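Step one of this worksheet: look at the structure below.
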Ligand code: NAP
Ligand code: G4F
């Protein structure tokens with residue numbers, strides 16, 4: 001139990017005196033981008049939502065702060081690295097649906113912390129499945145596993161669908177591949193309703209600040225408001241199929257409402273490069289960029305400004321490439337085919353367009369930077385920039 005708004009009544013049954021109780025969902029990774037949107041989505045559907053949060057010396061629950069205190073929203077301590085904590089929470093909540101979203105989710109970080117990534121992203125999935133079995137819920141509880149397009153890695157087919165061979169290309173992807181296969185194994189061995197959503201990149205105004213899209217929208221806002229000089233990026237040619245996270249959490253739920261447990265690719269079917277994302281984000285803040293040069297020498301130069309963007313930016317290099325953001329192996333051509341999700345789940349992959357997504361993120365970050373003020377000045381001597389936390 002956490003605080004006075006998170007009381008869990010472990011004597012609760014599904015049917016008290018003829019009163020049918022709402023469905024109970026347990027979300028690991030509830031404090032993350034997807035966990036926060038999924039919580040909102042399920043609460044609106046009338047679910048009782050339980051989330052697992054890690055114990056830490058500093059509370060960082062910004063994305064779910066607005067949900068705390070709601071009567072159907074409960075938090076429990078647990079950790080993907082600690083089986084007992086998962087068994088205790090699953091046993092106390094006795095969920096109808098588990099959404100396993102918790103992960104060390106940053107690909108670049110997985111090169112620096114491969115063992116931690118494997119423990120959380122691979123063995124952690126096994127721990128969740130075993131916790132459900134240990135609590136005797138394997139016949140009633142449906143499990144969603146947050147799988148990823150990173151499984152396609154060094155892609156063997158474009159676009160990628162449910163039948164495309166996997167070729168993981170980072171410690172993160174290798175760990176997630178174990179998660180994918182152990183879920184499939186438990187489905188076949190124990191007849192459990194457990195499925196993987198193979199989700200392509202999905203972004204939002206709540207995206208972590210070191211993922212490329214959010215790094216770009218925050219930098220565009222800071223540069224337009226005079227708080228940053230230059231944005232350093234890695235591979236500008238990299239191609240992604242970017243969707244809006246709020247649309248994608250609906251699909252997680254739909255996958256568990258399907259009549260049989262199956263895996264699904266979730267994507268928009270539209271592909272853009274990091275350079276295109278950057279150009280559009282800067283355009284939204286009134287900065288027109290022209291890219292010149294190649295590889296590590298490529299630069300994004302301001303050729304015109306409009307609106308409130310300062311005239312003094314014209315002629316300056318606002319985007320540069322740094323090898324610090326290159327990866328030992330990079331996944332460069334992700335493009336999903338959502339035909340199956342469209343046909344079987346009735347999901348609309350194009351609810352929010354790429355242009356709308358960039359606009360949502362930029363508008364959010366323009367307001368954020370304006371409210372933070374000059375205190376958020378980011379100096380862009382690269383060493384300082386890295387030190388400042390705008391890191392890989
Ligand atoms: P995110 O914002 O990075 O959130 C990750 C969540 O996992 C956070 O709540 C984090 O808690 C939690 N977590 C990490 N280690 C944990 C541990 N040892 N024990 C308990 N919780 C732990 O990720 P996201 O973008 O929402 O993605 C959700 C899931 O989908 C992840 O599994 C990710 O790998 C996968 N995925 C994401 C995308 C995408 O484009 N976003 C695409 C495909 C798959 P703290 O707040 O305590 O750090
Ligand atoms: O934004 P990213 O870090 O996301 P990435 O690696 O695609 O991973 C995200 O999506 C996966 C789904 O495909 C999830 F499974 C995973 O959990 C995560 O949410 O990088 C996107 C691309 C990469 O090719 C990277 O090399 O952008 C390139 N990039 C170029 N400059 C950069 C940068 N990435 C980051 N983070 N920072 C840069 O400065």
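Taking the options 75, 86, 126, name whichever one is more than 16 Å from ligand 2 (Cβ to nearest atom) and under 30 Å from residue 215 (Cβ atoms).
On the way: 86 fails: under 30 Å from residue 215 (Cβ atoms); 126 fails: under 30 Å from residue 215 (Cβ atoms).
None of the other options fit; the residue is 75.
Quick check: anything in segment 94-114 closer than 20 Å to residue 39 by Cα, more than 21 Å from the chain's Cα centre (by Cα) and surrounded by fewer than 24 Cβ atoms within 10 Å (Cβ to Cβ)?
Checked against the condition, which is being closer than 20 Å to residue 39 by Cα, more than 21 Å from the chain's Cα centre (by Cα) and surrounded by fewer than 24 Cβ atoms within 10 Å (Cβ to Cβ), segment 94-114 yields at least one hit.
I'm told residue 55 meets every condition in (1) surrounded by 13 or more Cβ atoms within 10 Å (Cβ to Cβ); (2) at pLDDT 85 or above except one. Can you identify the failing condition by its number?
Checking residue 55 against (1) surrounded by 13 or more Cβ atoms within 10 Å (Cβ to Cβ); (2) at pLDDT 85 or above, the one that fails is (1).
Do we have any residue at all in segment 71-82 that's within 23 Å of residue 181 (Cα to Cα), crowded, with 18+ Cβ neighbours inside 10 Å and modelled with pLDDT of 95 or more?
yes
Would you be able to tell me the number of residues in segment 186-208 that are within 14 Å of residue 128 (Cα to Cα) and assigned to a helix (DSSP H, G or I)?
Step one: filter segment 186-208 for residues within 14 Å of residue 128 (Cα to Cα), giving 186-187, 192-196.
Subset that is assigned to a helix (DSSP H, G or I): 186-187.
Matching residues across segment 186-208 total 2.
Please work out which residue is farthest from ligand 1 (Cβ to nearest atom), limiting yourself to segment 183-210 and to residues that are out of contact with any strand residue (DSSP E or B) (no Cβ under 7 Å at 6 or more places or on another chain) and without any contact (Cβ under 8 Å) to a residue 60 or more places away in the chain.
191
Determine, yes or no, whether residue 146 is crowded, with 24+ Cβ neighbours inside 10 Å and in a loop (DSSP other than H, G, I, E, B). Reasoning before the result, please.
Details: crowded, with 24+ Cβ neighbours inside 10 Å: yes; in a loop (DSSP other than H, G, I, E, B): no.
No.
Before we move on, is residue 366 under 20 Å from residue 233 (Cβ atoms), within 16 Å of ligand 1 (Cβ to nearest atom) and part of a helix (DSSP H, G or I)?
So residue 366 does not fit the description; no.
In segment 147-177, how many are touching a residue at least 40 places away in the same chain (Cβ under 8 Å), within 11 Å of ligand 2 (Cβ to nearest atom) and touching a helix residue (DSSP H, G or I) at 6+ places or on another chain (Cβ under 7 Å)?
Of the residues in that region, 11 qualify.
So which pairs qualify, if the first residue must be in segment 232-244 and within 20 Å of residue 323 (Cβ to Cβ) and in a strand (DSSP E or B), the second must be more than 14 Å from ligand 1 (Cβ to nearest atom) and modelled with pLDDT under 95, the Cβ gap must be under 9 Å, and the two must be at least 6 apart or on different chains?
232/380; 232/382; 232/385; 232/386; 232/390
More than 19 Å from residue 145 (Cβ to Cβ), within 16 Å of ligand 2 (Cβ to nearest atom) and in contact (Cβ under 8 Å) with a residue 12 or more places away in the chain: which single residue out of 55, 63 fits that description?
After applying the criteria, what remains is 63.
Name the single residue that is surrounded by the fewest Cβ atoms within 10 Å (Cβ to Cβ) among those in segment 240-273 being within 17 Å of the chain's Cα centre (by Cα) and either within 26 Å of residue 291 (Cα to Cα) or within 9 Å of ligand 2 (Cβ to nearest atom) (or both).
Top of the filtered list is 242.
When only residues in segment 41-52 that are in contact (Cβ under 8 Å) with a residue 60 or more places away in the chain and outside any loop (DSSP other than H, G, I, E, B) count, which is nearest to residue 247 (Cα to Cα)?
Residue satisfying both the conditions and the ranking: 41.
The values are calculated or read from the model by the stated rules, or taken from the named source; none is laboratory data. All of these numbers come straight from a predicted model, not from anything done at the bench. Neighbour counts are summed over all protein chains in view; Cβ atoms, including those assigned to glycine, are modelled from backbone coordinates with ideal geometry.
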